[in-house]
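Student: Here you go, one structure.
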């Protein structure tokens, strides 16, 4: 089936993309359709020539590197000679002075916290989940799947869930919470009941109440509690209220 396109401003836009932006993406953002498409049209035409020029430059550099490696395939690489060549073709540049990016209106979560910025296809939910875990970190997933938790005394990763390893993950996570988000009169390890959110407040006494900054509850009654560490970084703790 041939894809349909809509004429919007000076653009020819896939109808599927236009419908997604107009009906799903923009509602609730306080950005109207006309303003969005006018701005999008402006920047597409402004940046396309620049992008095309950069792609051509990348192609030129890649061909030069390929030719160099073919011409020198029978010789050991001379690091000094190779570095000089890479500088000559513009692949390597001299380090400039220190600078600071001054982009405005960026969420603190992105602008102040170092972490991977991954681009993923929205059609693959597993890719998106991995990207979210990489950026904001699912502590349990990170602990279970890496060698932070050693595979000793039966705590192997295996192909299915291992309750022995799961127990070690929970112990490690609670120890971490004691260090960065301590409770007032007890340890996270002493909790026998899932914390509840009542009137937008968590029924836990934190040593520093300001560290609890919010929560999100989904349809399955799973609560994502969000805590701010003392240095203003955020950590997330998932709780199932069932």
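Student: For region 145-242, list the strands (runs of 3 or more DSSP E) that sit wholly inside it and hold at least 2 residues that are surrounded by 12 or more Cβ atoms within 10 Å (Cβ to Cβ) and at pLDDT 70 or above; which are they?
Tutor: Ranges flagged: 212-217, 222-228.
Student: Taking the condition closer than 23 Å to residue 6 by Cα, touching a helix residue (DSSP H, G or I) at 6+ places or on another chain (Cβ under 9 Å) and not in a loop (DSSP other than H, G, I, E, B), does residue 40 pass?
Tutor: Criteria met by residue 40.
Student: Is it the case, given these coordinates, that residue 13 is in a helix (DSSP H, G or I) and more than 24 Å from residue 93 (Cα to Cα)?
Tutor: No; evaluated as a whole, the condition is false for this residue.
Student: Which residue, of 19, 6, is at pLDDT below 95 and in a strand (DSSP E or B)?
Tutor: On inspection, the qualifying residue turns out to be 6.
The values are calculated or read from the model by the stated rules, or taken from the named source; none is laboratory data. Since this is a predicted model, take the numbers as computed values, not measurements. Neighbour counts run over all protein chains shown; Cβ positions are idealised from the backbone, glycine included.
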